[in-house]
1. Report the full-extension gain for the segment residue 102 to residue 237: residue separation times 0.36 nm, less the Cα-Cα distance, to one decimal in nm.
2. Need one number: nm distance between label points at residue 218 and residue 193, each 7 Å from Cα along Cα→Cβ, rounded to one decimal.
3. What is the ratio of the Cα radius of gyration of region 153-244 to 2.2 N^0.38 Å, with N the residue count, to two decimals?
4. Which part of region 210-232 falls in the paramagnetic zone of residue 159, meaning amide N under 19 Å from the point 7 Å along Cα-to-beta-carbon?
5. I need the P(r) histogram for region 50-187: all alpha carbon pairs, bin width 10 Å from 0 out to the longest distance, whole percents.
6. For the pair residue 75 and residue 28, what calculated FRET efficiency results from E = 1/(1 + (r/R0)^6), where r is the Cβ-Cβ distance and R0 = 22 Å, to the nearest 0.05?
7. Take every Cα pair under 8 Å in the chain that's 6+ residues apart, average their separations, divide by the length, and report that relative contact order as a whole percent.
8. Per DSSP H run of at least 4 residues, take -39500 (n - 2.57); add these up for the chain, divide by its residues and hand me the 222 nm value, nearest 500 deg cm²/dmol.
């Protein structure tokens, strides 16, 4: 789930020591480099009140070291340890830091570290979307955005550019909604424990499965038999076994 600009913050009690690194980070057009924070307590307040995706963090700071700062945050950013010392192996592991660079890091290592950090930012964003209990879908008939409970999504089928979502409410009645998003966009927002994608055309909730063979899935309460390839069949078995 790629975003437009990644918000980057450097925290170091000696801001002059990381100004060169800050200036180098500013040359990457996919980053927005925020003002350096030199006080760890003010940095903690800033992080809790502002969006920070990637944090370049000095470990040796007066009053609060980098490890303590991260441990005090309920939802810390992706961390890159920025230090001239190589004695923080345990802390970096415990903080789940994606990189360890010195303040004069070479270009190639900086690029590799940024790639890992951005991949982790995107991964966390995707997980947050999947964990959400609702999804916004634009109804083609009414031209309105609707808030849909993901638990009510029963089956989704793509035909050309038209996505049909079958919704099953608490009254067990099934209704159809046509939307203009792609099947991939829909699937990427759904929890993997509940939903499976079948080929290029279908996404199904596990509660919609009435039965299956090596070549098809029978959908409950819909006159629908979804074709299954050999690869889909193996994934189907794994998907069903996850619930057991």
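1. Numbers: separation 135, 0.36 × 135 = 48.60 nm, distance 4.78 nm.
This chain segment gains 43.8 nm when fully extended.
2. 2.9
3. Details: Rg = 12.5 Å, N = 92, 2.2 N^0.38 = 12.3 Å.
Expressed relative to 2.2 N^0.38 Å, the Cα Rg reads 1.02.
4. Counting only backbone N, you get 217-228.
5. Bins of 10 Å from zero give 10, 30, 19, 15, 17, 8, 0 percent of pairs.
6. Working: r = 24 Å, r/R0 = 1.10.
Between residue 28 and residue 75 the formula returns 0.35.
7. Numbers: 390 pairs, mean separation 27.0, N = 244.
Relative contact order here is 11 percent.
8. On the way: 7 runs with 72 residues, N = 244.
The helix-only estimate for the chain comes to -8500 deg cm²/dmol at 222 nm.
Each value in this text was obtained by applying a stated rule to the coordinates, not by laboratory testing. All values reported here derive from a predicted model rather than from experimental measurement. Ideal geometry is used to build each Cβ from the backbone, glycine not excepted, and the neighbour counts take in all protein chains shown.
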